[in-house]
Each structure stands twice: as structure tokens, then as C-alpha cells.
Amino acid sequence: MYRQTLFRTGITTLCLAGLAIYAAVGGYFASEIVLEIAILAIMAISLDIVAGFGGMHSLFQAALMGVAAYGYGAATVLFDVTPALAVPAALLLATAFGAAVGFITARTSGIFFIMATLAFGQLAYNLIYHTRGLGGDDGLSGIPRLDLTMIGIKLDKALPFSVFALLLVLAVYAIAAGVMRSGFGRMLVGVHSNQARLAALGVNVRGTKTGAFAISSALAGVAGILAAQHTQFVSPELLAWTSSGEVLIVVILGGLATLAGPLVGAICFVLVKHEVSKLTSHWPMIVGIVLIAAVLAGGRGILGEIERRLAAQQRPRRVEALKEVRNHA
Amino acid sequence: MGDPAFWILQTLNAVQFSLLLFLMSVGLTVIFGLLHFVNLAHGSLYMMGAFVGVSIATTTGSYWIAFALAPVVVMAIGAALYLGLIRRQRRSSPMNQVLITFGLVFIFLDVARIFWGDIALGLEVPAALAGSVHILSVDYPAYRLFTIGLGLIVLIALTYVLDGTGIGAMIRASVENETMAAAIGINAERLFFVIFCIGCALAGLAGVVAAPIFSAATGMGIAMLVPTLIVVVIGGLGSLKGAIAGAFTVGFVETFGAAIIPDFASVLVYVLLAAILIFRPSGLIPARG
């Protein structure tokens, strides 16, 4: 069950404020890094809803992102739709795709579920790759950014755009936390821990799973539209299944079912990647070793591990207090 | 298109690709059926087979030494993986297995880059199989015919071992009910280890056999992993007959799809997989009825 603890609120605020300051003082390169982090963080938070809380480790999150990115790109470039209209259309497209896959795969579990999501992700990848109208493997370029000059924000500059991206991360985090604290979120966690019991209680298990996918897909769509506007270019590589695996790695490293964890994971992943690639070209090797070590260490991730230690420290005190209360009674 | 030679050629290509898929997927599916372990690094072992094969062939100058040794080397890598990591993870959740072996995929990718570089390495077809053979009124490369023959031999040998020998009975019993099999005196742990090694050796064999056709490249492991997983899921996890059925289904759909509708051949396979997962989630021929 999700709790928006003071610790998590603090970590999230700290991370976002730190990134904003970094972007403000670090120049163009820092803005680019912050954008990369923001896109990955939104992806990881969206995946945390289905993977962390719902226990459905899907491998097609990158495909959802790609579908939204292509939806936005195709609408603006090929059909001259204004960005303000293309955004909701692209979000709707990703949501519909994700909800449909969620509905179809809801009955499978374990390795079959993982394979099924992988298959649908690859299906989207191959369809886009082979559709000449969408540019095939060359992709689509010349995608416009949102026009916010009305309220005095110029998104064509690196710094305002990266701050805008951080605000989106905050919004996505708030939506995800709100959903997980609602009755629906509690139901999703219940379905994860005991599906049969929840079904016996009259909960619509399939509907709950589909709903979780729909919300997760919409949020992944935000990342997709952001990515398309960032580089102003989309290519089928966005949908590669290895990217979905990468997002899953970020969630695992940060801490499943914590929402703040994926944000921490995304920051660590991108920063370490840039630092490591300055020193050595063996980034894949390091990712592999760290991933295996993280799983062998219990799979709680960075934030999960910190929270567990904090809880372990507090527990003796609580026991003391409880004893005192009993003595008085 | 109306030319019968074209279709004969496509059929031979489809059979050849199906048998390569079979070599890859049979190890994966039997490992899953017995150990309940999902090994995403299976594709990486295939890649290692190809690279090790290329290295042995260039140092010794003989393809046949590479052909004999590469599977053994890959089997040794697999044995080390099993003893060091996989044996301990057998009882963990499918997700942890996927993550750990996904980590191995990254590590193998980098190992291959360190030792063999990023450029694809070709391998000469052995001199004895260099030409082409006139068969069924078409000229077909002798080496590809050789891979068809090899695949068929492995297929028949494995069918015989599984259906007609004591070891095969032990394997089938362990897949059916591991606890019961252990109770009647089958040393499941040792059996698992042997099966895992054989599965890895077959992946290595597939790699060294594929090297002269596709050449060895760092991306080949990941590229092969997805079709192999599709074969396993379509066929039904854990069964030899399922692996055969799945390999031929995917092999033929992909080859003929590429010949008839070139752009959407790869989509066809995924549509097929999605349909199987929706209508027959345990695959065409599941190991447990």
C-alpha cells in the first residue's frame, strides 16, 4: 500500500529542486542532462504503477512512449495539427493502446505476461518501422514544440524547456501518488497481493488491471511527447524493447512501488551513465553487474533499502513506547 | 512468383531457418520445463558460439575443429553460469530471473565487444561444402543443406533420447512432477545441471553453424533471442514437440511472409504470437496436459 510519507515528499522535492538548480547554473549541457533525466523519470514513474504496485512487469513501456511520440509527430508534421490539439490526441492514442494490451494480457501471468507485453511492444515497433508514411527507419523530423509564448515562456530555449520538463515530472508524480492513494490504487495493490480474494470480494480484477495500464500508458505518453519535442525528431529506436528493459532497470534500482524511487533511480542512472562513459566505454558491462547485484541484494532498490534501514532504526523505539503504555495499563 | 523453383527455394530456406530456431529453442524450452528458469542469456550463448567458432577457425584454419570445439566452450561457459549464479536463483520469482539474465545479456554484449570488437566477423564456408547442390530442380548451397541435415539429426536424436531412453523418462518425469520424481530416486539436481549444459551446447552449436551464413556480430544474440522466445511460447514451454511445432511455425511464417509481403513479415509473427497468447495461452503443445 502506498503512503506519501514525509521522507518521500522530502526526497522528491530535493531531487526536483536540485535538478532545477543544476539546469540553471550548468548551462546548455546541464539542461540536456536534466531533460534526459526528466523523460526517464516520467517513464519510470509510469512503469512503477503497473510493475511496482500492480506486480505486472511489463516490457513494452518504451512502445507506449513511442506510440505517443509518433502520434504527436505525425499529427503535427503530416497533418498540420496545432501542438495544443496534438498533445491530447497523442495521449489518447497511447492510453487506448496500453489499455487494450492490458485488457488482453490481464489473464496471463509470470513469464507469459512478460512475453505477451514484449510481443505487443515489438508489434508496434515493427509496424512503425515498416510504415513508409511515418518515415520508416528514418523517422520523422521537424516536430514543433508547444507554444507557450502567450504566458511568456519560450520553450525553444534549453533552460525553460528543461524546467518545463521538471514541472511535468512533478505533475506526473502528483497524479501517480494521487491515484495510488485513492480507492482504485488500494484495489490495484490488493489485486497484486491476492487476486483470488479480491475477485471473491467482488472486485473487477480485469478492469482494475486495465485501468492501471490506461493510467500508466497516459503518463508514459507524456514522456513520449516530451521526448518528441525535445529532439524534434522521432525514430523507431524509441520503441526498442531494450529501452523498455532499461526503464525496468531504473525502477528496480530506484525501488519498486515507491514512486520517489524511480525518480532517484533515473537521476542516478543518467548521471552515472554520463560519468562512466567519460572514463570507459564499458557501460553495458557495468549496468549488467549492477543489475545482478541489485537483484541478489534483495531487489529493494536504493530508496527501498534506505526506507527499510530507517524503519529498522525506529522499530526498537516503538517497542519501548508500547511496553511503557502496557506498564501503565 | 508463379515459378515453382522460387517456392522450392523458399521452402528449403524456411526449413533451414526453422531448424536453426529449433536448435536454439529446444535448449531454452527444456531448461524452462525442468528448472522453471527463464534464461534470457540464451541468445548471448548463441552469439558466443559464433564468435568462439570464428576465433577457433581462424587460428586453426579448420572450420571442422571450430564446429567441434565451439559448442564445448559454450557448454563450459554455461556450466560456470549455472554453478555460479543460476542454481541459486532457481527458486526466485520469474521477474528476478528475467532481470538477472537480462543483466547477463549486457555483460556478454560487452565481453564480445572487448574480445572481438564491434565489426561483424565473417567465416568461410568449409571447402567441402562450398559449392551448391542440384536438388528438387533448384541449385541450393551445400552448406545450407548441411545445416538442414544437422538440424534433422539433432531433432531425431533428441526425440529418441526423450522418448526412448531411461534418461528421457527421468527428464519427462521431472518435468511432470519434480517432487515425485525426486521421491522415487531421480537425482534432479544432477539431471538439471546436465540438461542446462546440453541446452547451452546446442545454443553454441547453433551459433557456430550460423556464423558462415549470417557472420558473427555483437547484436546477433539479442536479435536471435526474441524469435527464440516466440518459438518457445508458441510451442508451449517445456516440451520438445512444442519446440518443433513452434520452430516450424515461426520459420515458415517468417520466410514465406518475407517472400509474399516483405514489409510486414515480422509483424505477422507477432500477430501470431499475440493470437496464441489470447486463444491458447499455454502454447500449441504444452508439456503438462
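The values are calculated or read from the model by the stated rules, or taken from the named source; none is laboratory data. Please read all numbers here as calculations on a predicted model, not as lab measurements. We place every Cβ from the backbone using ideal geometry, glycine too, and count neighbours over all the protein chains shown.
Total residues in segment A:39-93 satisfying the condition of being among the aromatic types (Phe, Trp, Tyr) and under 20 Å from A:Leu148 (Cβ atoms): the figure is 1. Selection of segment A:256-271 for residues being within 22 Å of A:Arg186 (Cβ to Cβ) and within 14 Å of another protein chain (Cβ to nearest Cβ) yields A:Leu256, A:Ala257. Within segment B:74-117, the set of residues being hydroxyl-bearing (Ser, Thr, Tyr) and in contact with a Cys (Cβ under 8 Å, 6 or more places away or on another chain) comprises just one member, B:Tyr82. Of the helices (runs of 4 or more DSSP H) that lie entirely inside segment A:73-192, those containing 1 or more residues that are within 14 Å of chain B (Cβ to nearest Cβ) span A:83-105, A:110-130.
Among all positions in segment B:249-271, there is at least one residue which is within 30 Å of B:Trp116 (Cβ to Cβ), at pLDDT below 85 and within 14 Å of chain A (Cβ to nearest Cβ).
Can you confirm whether A:Thr210 is within 30 Å of A:Ile128 (Cα to Cα) and in contact with a Gly (Cβ under 6 Å, 6 or more places away or on another chain)?
Details: within 30 Å of A:Ile128 (Cα to Cα): yes; in contact with a Gly (Cβ under 6 Å, 6 or more places away or on another chain): yes.
When the stated conditions are applied, A:Thr210 passes them.
Taking the criterion of being surrounded by 19 or more Cβ atoms within 10 Å (Cβ to Cβ), closer than 23 Å to B:Ala142 by Cα, within 15 Å of the chain's Cα centre (by Cα) and more than 10 Å from every other protein chain (Cβ to nearest Cβ), would at least one residue in segment B:218-231 satisfy it? No, segment B:218-231 has no match at all. Within the span defined as segment A:213-228, one or more residues are in contact with a strand residue (DSSP E or B) (Cβ under 8 Å, 6 or more places away or on another chain) and either without any contact (Cβ under 8 Å) to a residue 40 or more places away in the chain or under 30 Å from A:Pro88 (Cβ atoms) (or both).
Does any residue of segment B:116-128 turn out to be within 14 Å of chain A (Cβ to nearest Cβ), under 18 Å from B:Cys200 (Cα atoms) and either surrounded by fewer than 24 Cβ atoms within 10 Å (Cβ to Cβ) or not aromatic (Phe, Trp, Tyr) (or both)? Within segment B:116-128, not a single residue is within 14 Å of chain A (Cβ to nearest Cβ), under 18 Å from B:Cys200 (Cα atoms) and either surrounded by fewer than 24 Cβ atoms within 10 Å (Cβ to Cβ) or not aromatic (Phe, Trp, Tyr) (or both). Would you check if there is a residue in segment A:286-308 being buried (at least 16 other Cβ atoms within 10 Å of the Cβ), of a type outside the set (A, V, I, L, M, F, W, C) and within 26 Å of B:Gly117 (Cα to Cα)? Taking every residue of segment A:286-308 in turn, at least one turns out to be buried (at least 16 other Cβ atoms within 10 Å of the Cβ), of a type outside the set (A, V, I, L, M, F, W, C) and within 26 Å of B:Gly117 (Cα to Cα). Looking across B:Ala70, B:Ala76, B:Ala66, one residue alone is out of contact with any Gly (no Cβ under 7 Å at 6 or more places or on another chain) and over 30 Å from A:Leu256 (Cα atoms). It is B:Ala76.
Close Cβ contacts (under 9 Å, 6 or more residues apart or on different chains) running from residues in segment B:170-185 that are within 16 Å of B:Ile31 (Cβ to Cβ) to residues that are at pLDDT 85 or above and polar (S, T, N, Q) comprise B:Met170/B:Asn187.
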